[in-house]
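Participant: Dropping a structure here in structure tokens format, bear with me for questions.
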Amino acid sequence: MAKVRGAIVVDIEKCKGCGVCVPACPQDVIQLAKEVNGKGYHYAYMHLPEECTGCTNCAVVCPDGVITVYRVKAETV
Amino acid sequence: MGELRLMKGNEAFAEACIRAGVDAYFGYPITPQSEVIEYLMAAKPYETTGMVVLQAESEIASINMCYGAAGAGFLPATSSSSPGISLKMEGISYMAGAELPLIILNVVRGGPGLGDIQPAQSDYFQATKGGGHGDYRLYVLAPSSVQEMSDFVLIAKEIAFKYRNPVMILSDGVIGQMMEKVELFDPIPRRTIEEVEKQCPWATTGKKPNRQRNIITSLDLDPYRQEKHVLKLYEKYKRMEQEDVRYEEIQVSDAEYLLVAYGSSARICQKTVDLARVEGIKLGLLRAITLFPFPGKRIAELAKQVKGILAVEMSTGQLVEDVKLSVNCSVPVYHFGRTGGVIHTPTEVLDAVKNLLMK
Amino acid sequence: MDIKDIIKPENLVYRRTPLLTDKPLSYCPGCGHGTIHRIIMEVIEEMNIQDKTIGIAPVGCSVLAYEFMDIDMQQAAHGRATALATAIKRLLPDRFVFTYQGDGDLAAIGTAETIHACNRGENFIIFFVNNGIYGMTGGQMAPTTLPGMKASTCPFGRDTKIMGNPLKITELVAQLPGTYYVTRQAVHTPNAVRKAKKAVRNAFEYSKLNKGLCFIEFVSNCNSGWKMNAVQANKWMEENMFPFYPLGDIKVPQPEKV
């Protein structure tokens, strides 16, 4: 059966770590990193990358538009 | 010869705006200049030249409509009288800061505050020293006839684009309200949008793929860049002083005493010169046509030949300060003028010449 | 399947619109301004009207909106954006013109300009961002600050007996014959953003018809001014702002009678 797999790419240096994307993700994929970026923000990252479906919810609510989303139909058993 | 008409000064200005190809007029009624918008609304130029005419909800809205129009590359005009001009001053400062062309007519009335509705020249400081906030100047033209209420629109149009700076026509209730014969210039077509974009590549007409976006703003939070911008404006004002000073001399070649005046006061002074000459007094008149840039250099030259100068204006003394600065104490400079809406007579001015200059 | 096999150009489903410039947004983390900027630019991109659109930036937090939107823009004096837009739209009637204003700009100092532009039925769009506070100047009371809500100039909460009532200007302009489409949206959840974007698209489509002014209020957050984190602020907004400023269409165009 076909399973939808997704992935996000966060522009780490432009992420302000506001965390709005975290509750927006229906799969709880995203968390804020323990590390900080150049501006001192705990940037968003894929904590559970294999759960991402590429639904774009996180990118749609991201105030800084720093999330790019990819999606693919993957054949799995 | 152009078309001749008997018109009020305010009407002549309105007609000249249509004929000069002004793109838009945004105004708000106030005495003694409401004929401008009344004339435009009756003439309906939006049906002929496409000129936009709109009565705004306030002077503040009207000047900001001018900002929008000018930012899109169009030439707007607005008019008001003293209290209304004060309301427009914020917008004028923004337009000077954003380097936008504009024609503003101020038909000055007595003041301060609501004052009255009679003619005065007490907005000289406001017009020439900035008026709004910040380091800026307006190019200020002072008409002294209904004819000049028409002709100066063409000068204002040229200067507004030459320097990308607002131009004020500083008139008063006399010139605005009186009727005289006017020879109207032939109509000049308004620019097409292509011509607007060519003349004003900085204008916000919609970002084309072949250029960067255009931004009209007076804001720059970086003080070093802001300083650079203000100095660039300052250079423009210096250039105005080099290239675009305007004045008229009446019987100055042999003058021993000099009047300096502008607008309707200059007309009164012209009569005073005639009266003085009959009495054998060698009186001359320098009529300032531009109040900024001020014809100070010429006044300083004339100061070498005369025994004294009288600045005549319908105020308690504003122009006189520029005259004093120009001659730098080389000759005595006095002020005479009625104010608050009272107009001095030629005889009163002659008496002042005798009592102050010739004492 | 490896992440690398997913992150390929052919699998791209969402990217930041190129109509936003590369400049990092000057807004606080989590501020709704960024999302609102983005959906407006996305609609302009989708409609392919970048070369026909002129925006007006206000005074307030979004004073620098022109730094982020890659379109021709003018920056207005405080409250006067709709006066600029009136002139631009009348001189360039085939262009799309919008103003982008906050609550102080639109509903306090610019009330007269707002109401008269709406009442004249000018054919441009007003995007009104209402976060119930003055963000730029540091969290003072706004015309839309809720009763009891704290701000730096009402530190004990807005006492309507002293400070007057919050102004529901969106309901007010909906009463005017010159407005064509009036709606209230938010951008705090993915669904809200998608709905808000549809409203933005509607506004641009309607403004082609020259039937009057389109007015979209975005109830938004100000986590800095409200002194919360972004997620808390969005929750507080749902619980407190939405009951007073309910989301949804307020005035929708009626189909033409045949």
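Participant: Would you report the distance distribution of C-alpha pairs in the stretch C:184-233 as whole percents per 5 angstrom bin, up to the bin with the largest distance?
Facilitator: 5, 20, 20, 18, 15, 11, 7, 4, 1
Participant: If you take the square roots of the eigenvalues of the alpha-carbon gyration tensor of the stretch B:1-54 and sort them as a ≥ b ≥ c, do you get rounded (a/c under 1.5), prolate (a/b over b/c) or oblate? Present the calculation step by step, with values, prior to reporting the outcome.
Facilitator: Values: a/c = 2.05, a/b = 1.05, b/c = 1.95.
Verdict is oblate for the stretch B:1-54.
Participant: Let me ask something else. Taking one equal scatterer on every alpha-carbon of the stretch C:27-251, how large is log10 of I(q)/I(0) by Debye at q = 0.09, 0.14 1/Å?
Facilitator: Computed log10 I(q)/I(0) values: -0.31, -0.79.
Participant: Would you please give the residues with an amide H less than 5 Å from that of residue C:220, counting only those at least 5 places away or on a separate chain, with H modeled from the backbone geometry?
Facilitator: Those qualifying (amide H under 5 Å, at least 5 residues apart or on another chain) are C:130, C:131.
Participant: If you don't mind, another one. Number of Lys pairs in the stretch A:2-75 with C-alpha atoms less than 29 angstrom apart, excluding same-chain neighbours closer than eight positions? All intermediate terms of the calculation are to be shown ahead of the outcome.
Facilitator: Numbers: A:3/A:73; A:14/A:34; A:14/A:39; A:16/A:34; A:16/A:39.
Counting lysine pairs in the stretch A:2-75 gives 5.
Participant: Hey, can you rank B:99-112, A:50-63 by average C-beta count inside 10 Å, highest first?
Facilitator: Answer by packing, highest mean first, reads B:99-112, A:50-63.
Participant: Okay, next question. Per-residue mean of other chain beta-carbon atoms within 10 angstrom of the beta-carbon, peptide B:67-77? Please report the intermediate quantities before stating the final value.
Facilitator: On the way: counts 10, 17, 7, 3, 10, 11, 2, 5, 0, 2, 0.
Whole-number average of other-chain Cβ neighbours for B:67-77 is 6.
Participant: Once you keep just the Cα pairs under 8 angstrom separated by 6 or more residues, what percentage relative contact order results for chain C?
Facilitator: Values: 499 pairs, mean separation 46.3, N = 258.
About 18 percent, as a whole number.
Participant: Sticking with this structure for a sec: Taking the Cα-to-Cβ direction at residue C:51 and at residue B:328 and moving 7 Å from each Cα, how far apart do the two end points lie in nm?
Facilitator: With each label placed 7 Å out from Cα toward Cβ, I get 5.7 nm.
Participant: Using every Cα-Cα pair within the stretch B:1-119, state what percent have a distance larger than 18 Å. Walk me through the intermediate numbers first.
Facilitator: Values: 3437 of 7021 pairs.
So the pairs more than 18 Å apart make up 49 percent of the total in the stretch B:1-119.
Participant: Nearest 5 percent is fine: what portion of the DSSP beta bridges confined to chain B is antiparallel? Please report the intermediate quantities before stating the final value.
Facilitator: Numbers: 13 of 46 bridges.
Antiparallel: roughly 30 percent of the beta bridges in chain B.
Participant: Between C:142, C:200, C:98, whose Cα lies farthest towards the positive end of the dipole of the stretch C:93-240 when Lys and Arg beta carbons carry +1 and Asp and Glu beta carbons carry -1, centred on the Cα centre?
Facilitator: C:200
Participant: Need one value for B:205-211: mean number of C-beta atoms belonging to other chains within 10 Å of its residues' C-beta atoms. Don't skip to the answer; put the middle values down first.
Facilitator: Details: counts 8, 13, 11, 3, 2, 1, 2.
That average works out to 6.
Participant: Can you work out the Karplus-derived ³J(HN,Hα) for every residue in the stretch B:347-359? Use 6.51 cos²θ - 1.76 cosθ + 1.60 with θ = phi - 60°, whole Hz, and x for glycine or proline.
Facilitator: For the stretch B:347-359, the Karplus curve yields 5, 4, 5, 5, 4, 5, 4, 5, 6, 9, 7, 9, 6 Hz.
Participant: Placing +1 at every Lys and Arg Cβ and -1 at every Asp and Glu Cβ, with all other atoms neutral, what dipole size does the stretch B:212-288 have around its Cα centre, in debye to the nearest 20? Let's see the in-between values first.
Facilitator: Details: 13 positive and 13 negative charges, 67 e Å.
The calculated dipole for the stretch B:212-288 is roughly 320 debye.
Participant: Also: Taking only the alpha-carbon positions of chain B and ignoring solvent, what does the Debye formula give for the base-10 log of I(q)/I(0) at q = 0.13 Å⁻¹?
Facilitator: -0.99
Participant: Under the Karplus relation 6.51 cos²θ - 1.76 cosθ + 1.60, θ = phi - 60°, what is the ordered set of whole-Hz ³J(HN,Hα) values for the stretch C:19-27, x standing for Gly and Pro?
Facilitator: 7, 8, 6, 6, 5, x, 5, 7, 7
Participant: Continuing with this model, one more query. Apply the Kirkwood formula to the stretch B:247-357: the hydrodynamic radius equals the inverse of the mean of 1/r over all pairs of different alpha-carbon atoms; give it in Å with one decimal.
Facilitator: Details: mean 1/r = 0.0749 Å⁻¹.
Over the stretch B:247-357, the inverse of the mean reciprocal pair distance is 13.3 Å.
Participant: With a ≥ b ≥ c the root eigenvalues of the C-alpha gyration tensor of the stretch B:124-242, is it rounded (a/c under 1.5), prolate (a/b larger than b/c) or oblate? Provide the component values of the computation, followed by the final result.
Facilitator: Numbers: a/c = 2.83, a/b = 1.36, b/c = 2.08.
Oblate is the answer for the stretch B:124-242, as a/c is 1.5 or above yet b/c matches or exceeds a/b.
Participant: Now a separate question. Take every residue in peptide B:88-95, count the Cβ atoms of other chains within 10 Å of its Cβ, and give the average of those counts.
Facilitator: Numbers: counts 0, 0, 3, 5, 0, 1, 4, 1.
Partner-chain Cβ atoms within 10 Å, mean over residues of B:88-95: 2.
Participant: Same structure again: For a test of the definition: using alpha carbon positions, the gyration tensor, and the 1.5 limit on a/c, classify the stretch B:87-169 as rounded, prolate or oblate.
Facilitator: Working: a/c = 2.43, a/b = 1.16, b/c = 2.10.
Verdict is oblate for the stretch B:87-169.
Participant: With a 10 Å radius around each residue's Cβ, average the other Cβ atoms per peptide and rank B:323-329, B:268-274, B:74-80, highest first. All intermediate terms of the calculation are to be shown ahead of the outcome.
Facilitator: Details: B:323-329: 17.4, B:268-274: 22.0, B:74-80: 29.4.
Taking the mean over residues of other Cβ atoms within 10 Å, the ranking is B:74-80, B:268-274, B:323-329.
Participant: For chain A, with the dipole built from +1 on Lys and Arg beta-carbon atoms and -1 on Asp and Glu ones, taken about the Cα centre, which of A:47, A:25, A:72 lies farthest toward the positive end?
Facilitator: With unit charges placed on the Cβ atoms, the residue in question is A:72.
Participant: Would you please give the residues with an amide H less than 5 Å from that of residue B:52, counting only those at least 5 places away or on a separate chain, with H modeled from the backbone geometry?
Facilitator: For residue B:52, the qualifying residues are B:24, B:25.
Participant: Report the antiparallel proportion of the DSSP beta bridges in chain C as a percent, rounded to a multiple of 5.
Facilitator: Working: 7 of 33 bridges.
If we restrict to bridges inside chain C, about 20 percent are antiparallel.
Participant: Taking H placed 1.01 Å from N in the peptide plane, check which residues at least 5 places from residue B:31 or on another chain put their amide H under 5 Å from its amide H.
Facilitator: Those lying under 5 Å, H to H, from residue B:31: there are none.
Participant: From the Cα trace of the protein assembly as shown, what convex hull volume per residue do you get, rounded to a whole Å³?
Facilitator: Values: hull volume 130.2 nm³, N = 694.
So the per-residue hull volume is 188 Å³.
Participant: Kindly write out, for the stretch C:230-240 in residue order, the coupling ³J(HN,Hα) from the Karplus curve 6.51 cos²θ - 1.76 cosθ + 1.60 (θ = phi - 60°), rounded to whole Hz, with x marking Gly and Pro.
Facilitator: So the Karplus estimates, Gly and Pro as x, are 4, 5, 4, 5, 5, 5, 4, 4, 4, 7, 10 Hz.
Participant: Of the trypsin sites (Lys or Arg not before Pro) in the stretch C:187-258, which ones lie in a loop per DSSP and count no more than 11 other C-beta atoms within 10 Å?
Facilitator: Values: sites: C:194, C:195, C:197, C:198, C:201, C:208, C:211, C:227, C:235, C:251, C:257; in loops: C:208, C:211, C:227, C:257.
Those satisfying the criteria are C:227, C:257.
Values quoted throughout were computed directly from the atomic coordinates according to the rules given, and no laboratory measurement underlies them. Everything numeric here is computed off the predicted structure, so don't read it as measured data. A quick note on method: Cβ atoms are made from the backbone with ideal geometry, for glycine too, and the neighbour counts reach across all protein chains shown.
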